[in-house]
Each structure stands twice: as C-alpha cells, then as structure tokens.
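Engineer: Could you have a look at this structure, given as structure tokens, before my questions?
The values are calculated or read from the model by the stated rules, or taken from the named source; none is laboratory data. Bear in mind that the values here come from a model prediction, so they are computed numbers and not experimental data. Positions of Cβ are backbone-derived with ideal geometry, glycine not excepted, and every protein chain shown enters the neighbour counts. Only protein heavy atoms, including side chains, enter the accessible area calculation; ligands, DNA and RNA are left aside. Shrake-Rupley method; radii C 1.70, N 1.55, O 1.52, S 1.80 Å.
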Amino acid sequence: MVLAYLPSPSQGVWHVGPIPIRAYALCIIAGIVIAIWLTQRRWTARGGNPDDILDIAMWAVPFGIVGGRLYHVITDPELYFLPGRDPIKAFYIWDGGLGIWGAVALGALGAWIGCRRRGIHLLDFGDALAPGLILAQAIGRWGNYFNQELYGRPTTLPWAVQIDPAHRPADTPQIGLYHPTFLYESLWNVAVALLLLWVDRRFTVPRGKLFALYVAAYTVGRGAIEALRIDHANHFLGLRLNDWTSLIVFLGALTVLLWPRRDPPATEESAANHEPSTTHHPSAPASRKPKRSPE
C-alpha cells in the first residue's frame with residue numbers, strides 16, 4: 001500500500017502565443033543565473049572585478065551547453081542515428097540530454113578563453129566558480145522532473161516519484177512509482193556546495209584544489225545515484241558508461257587533491273600582472289588570502 005508519493009508535473013511546457021516556455025530550459029537558466037551571482041560575490045570578496053565573471057560566462061556558458069549535448073549524443077548515438085530514428089533530434093536540447101562532463105570540459109575551454117581576455121588565472125576562476133557550479137547542477141536537475149526522465153528503479157517509498165505511462169518502460173509495475181534520482185542528485189549537489197563554502201571559509205586552500213574537491217565530491221554521489229537509474233545507458237564491463245566516466249574523473253580529482261602544492265607568495269611583479277582594470281575593482285585576486293564576505 002502506497003501512502004504517499006511525489007506526483008508527476010501536470011505539464012512541462014507552457015505557451016505564450018506561439019512561443020513555448022519549457023520548464024527544462026527555465027531550470028537550466030535559473031541555475032546559470034545563481035552560479036553567476038554566487039561566483040561574482042566570491043570573486044568580489046577576493047578583490048576581483050565582478051564584471052570579470054559576466055565576461056567569462058559569455059564564453060563558458062555556450063561552450064558548456066554545446067559540450068554537454070555533444071557528450072550525450074556521442075555516448076548514446078543509437079538514440080538518434082539508428083534506422084527509424086530522427087537524427088535532427090540530436091539538436092533538441094529542450095527534450096533533455098546534457099552530459100555534465102561534456103559541459104564541464106568544453107565549458108572550461110570557453111572559460112579559459114574568457115580568462116585569457118581578462119588576464120585571469122583559470123584555476124583562480126575555477127575555485128571561485130565551484131560552489132556556484134554545483135548549485136547550478138542542483139537546480140538544473142529539476143528540469144528532469146518536468147521532463148519525467150532520469151528516474152530510478154521502482155519503489156514504494158513515500159518520496160517515490162510518479163511517472164506517467166508515456167514516459168516509463170512498458171515492463172515496469174503499473175503503479176508507476178520510481179526512485180526520484182533527480183531529487184537525490186539535487187540534494188547531494190546542495191550538500192557539496194555547502195561543503196565547498198565551509199572548506200573555503202575554514203581553510204586556506206591552495207589554488208585549484210577547491211575545484212578538484214568539487215569534482216571528487218560530486219562523482220562520489222553521482223556514482224551511487226547512477227546505480228539506481230534504469231534509463232537507457234550504454235554499458236562497458238558491466239557498468240554504465242557514466243560510472244566509468246565518474247570513476248576516471250574522480251581518480252583525476254583525487255590526484256590533484258593529494259598532490260602537494262605550495263603556491264609562491266605574492267610578489268610585486270605578480271601583483272603588477274593583475275593591475276586593476278579600474279581604480280576600485282582589480283581584474284583578478286592579488287593574493288591567496290582573500291577577504292571574506294557573507295555568502
């Protein structure tokens with residue numbers, strides 16, 4: 001007997017005249033806005049110019065969206081290119097399907113371009129970005145709820161999510177209740193964001209290691225959640241492809257975290273390389289001991 005569950009959303013698309021407003025897109029946009037806002041606050045607290053973040057985001061965001069879609073299409077090509085499929089749907093981002101690792105990889109390329117234009121070290125930007133980026137992922141996951149996708153195995157737990165027949169496998173119980181893996185990942189991401197903020201406030205973190213902590217912590221949760229999911233995925237040696245990606249990325253992040261690194265103290269020459277773009281707003285942090293403000 002099921003006493004409670006999360007109902008399916010009544011709709012995921014609203015129309016304003018001929019223009020469709022999609023919940024999935026709204027969640028992605030909301031996540032981007034939150035990430036930019038929080039990163040600006042953190043960058044300003046380090047003595048940086050908040051305009052730096054907007055300029056870098058103009059490069060990183062479109063690169064990240066393209067990278068996320070490419071990762072999804074490349075790792076699941078049979079969804080679009082087998083006989084009977086419609087290849088044009090590979091461009092239908094609004095239907096869901098953005099791989100986080102493709103988004104981070106190509107987004108990092110865009111961020112690197114933006115950082116070079118502003119004379120900023122990419123790792124400094126990454127450390128400022130990390131908590132906002134994982135919060136953006138937490139918000140974006142709710143787009144999967146509106147699309148009724150990326151759910152887990154059937155369950156009768158009181159927080160199970162109900163999936164409409166059109167969006168669930170035909171061979172599953174008719175009750176249509178599943179683990180809300182989108183919710184699990186969203187909550188995990190919020191916890192990781194809080195961890196990053198606490199670590200950054202409590203300790204002096206060497207350059208690049210806060211971003212590495214974000215990657216390591218996220219992959220731990222993603223690996224556990226991936227084991228619950230029953231949506232389509234290619235497998236290799238008994239594991240879903242995303243499990244292998246998470247494992248490889250986790251090992252890389254762990255190597256960065258454990259690798260001893262001591263940043264040299266700021267010198268007059270290094271400070272000169274980060275001259276303020278205006279009198280009151282330096283374009284990049286001048287030291288590794290930032291000023292703090294509430295986040």
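Engineer: Give the distance, in whole Å, between the Cα centre of segment 44-81 and the Cα centre of segment 213-262.
Structural biologist: About 19 Å separates the Cα centre of segment 44-81 from the one of segment 213-262.
Engineer: Mean 1/r over all different Cα pairs, inverted: what Kirkwood radius does the chain give, in Å?
Structural biologist: 20.7
Engineer: How tilted is helix 100-118 with respect to the longest principal axis of the chain? Cα atoms for both, answer in degrees (0 to 90, nearest 10).
Structural biologist: Roughly 30 degrees, rounded to the nearest 10.
Engineer: Once both axes come from the Cα atoms, what is the angle between helix 181-202 and the longest principal axis of the chain, in degrees from 0 to 90, rounded to 10?
Structural biologist: Roughly 10 degrees, rounded to the nearest 10.
Engineer: I want the local charge near Leu98. Using Cβ-Cβ distances under 11 Å, sum +1 for each Lys or Arg and -1 for each Asp or Glu among the other residues. Write down the numbers at each step before the final one.
Structural biologist: Details: positive: Arg69, Arg141; negative: Asp95.
Net local charge, Leu98 excluded: +1.
Engineer: Please compute the per residue accessible area over segment 5-113 with all protein chains in place, 1.4 Å probe, rounded to a whole number of Å². Numbers along the way, then the final one.
Structural biologist: On the way: 5630 Å² over 109 residues.
Accessible surface, normalised per residue, equals 52 Å².
Engineer: When the solvent-accessible surface of protein heavy atoms is calculated with a 1.4 angstrom probe, in what order do Val61, Val192, Val33 fall, highest first?
Structural biologist: Val33, Val61, Val192
Engineer: Considering only protein heavy atoms and a probe of 1.4 Å, how much of the accessible area of segment 35-91 is carbon and sulfur, as a whole percent?
Structural biologist: Carbon and sulfur atoms account for 73 percent of the accessible area of segment 35-91.
Engineer: Quick check on the chain: of the DSSP beta bridges with both residues there, what percent are antiparallel, nearest 5%?
Structural biologist: Values: 11 of 12 bridges.
About 90 percent, rounded to the nearest 5.
Engineer: Here is a follow-up. Using a 1.4 Å probe over the heavy atoms of the protein chains, calculate the carbon and sulfur portion of the accessible area of segment 135-239 as a whole percent.
Structural biologist: 68
Engineer: Using the alpha-carbon atoms, what tilt in degrees (0 to 90, nearest 10) does helix 209-226 show relative to the longest principal axis of the chain?
Structural biologist: The answer is roughly 10 degrees.
Engineer: Another one. Between segment 132-148 and segment 9-40, what's the alpha-carbon centroid distance in Å?
Structural biologist: Taking the Cα centre of each part, segment 132-148 and segment 9-40 sit 10 Å apart.
Engineer: Which net charge results when you count Lys and Arg as +1 and Asp and Glu as -1 among the other residues whose beta-carbon is under 10 Å from that of Asn144?
Structural biologist: Working: positive: Arg141; negative: Glu149, Glu185, Asp231.
Overall, the nearby charge balance is -2.
Engineer: Return a whole-number percent for the relative contact order of segment 67-124, with Cα pairs under 8 Å and 6 or more residues apart as the contact set.
Structural biologist: 43
Engineer: Can you list which of the chymotrypsin sites (Phe, Trp or Tyr not before Pro) found in segment 29-119 are DSSP loop residues with at most 12 other C-beta atoms within 10 Å?
Structural biologist: Loop-located and lightly packed - Tyr92.
Engineer: Could I ask something else about it? Provide the per residue accessible area, probe 1.4 Å, for segment 143-239, rounded to a whole number of square angstrom. Provide the component values of the computation, followed by the final result.
Structural biologist: Values: 4550 Å² over 97 residues.
Per-residue accessible area for segment 143-239 comes out at 47 Å².
Engineer: Around Thr245, what is the net charge, scoring Lys/Arg as +1 and Asp/Glu as -1 over all other residues with Cβ under 12 Å from its Cβ?
Structural biologist: Net charge in that neighbourhood comes out at 0.
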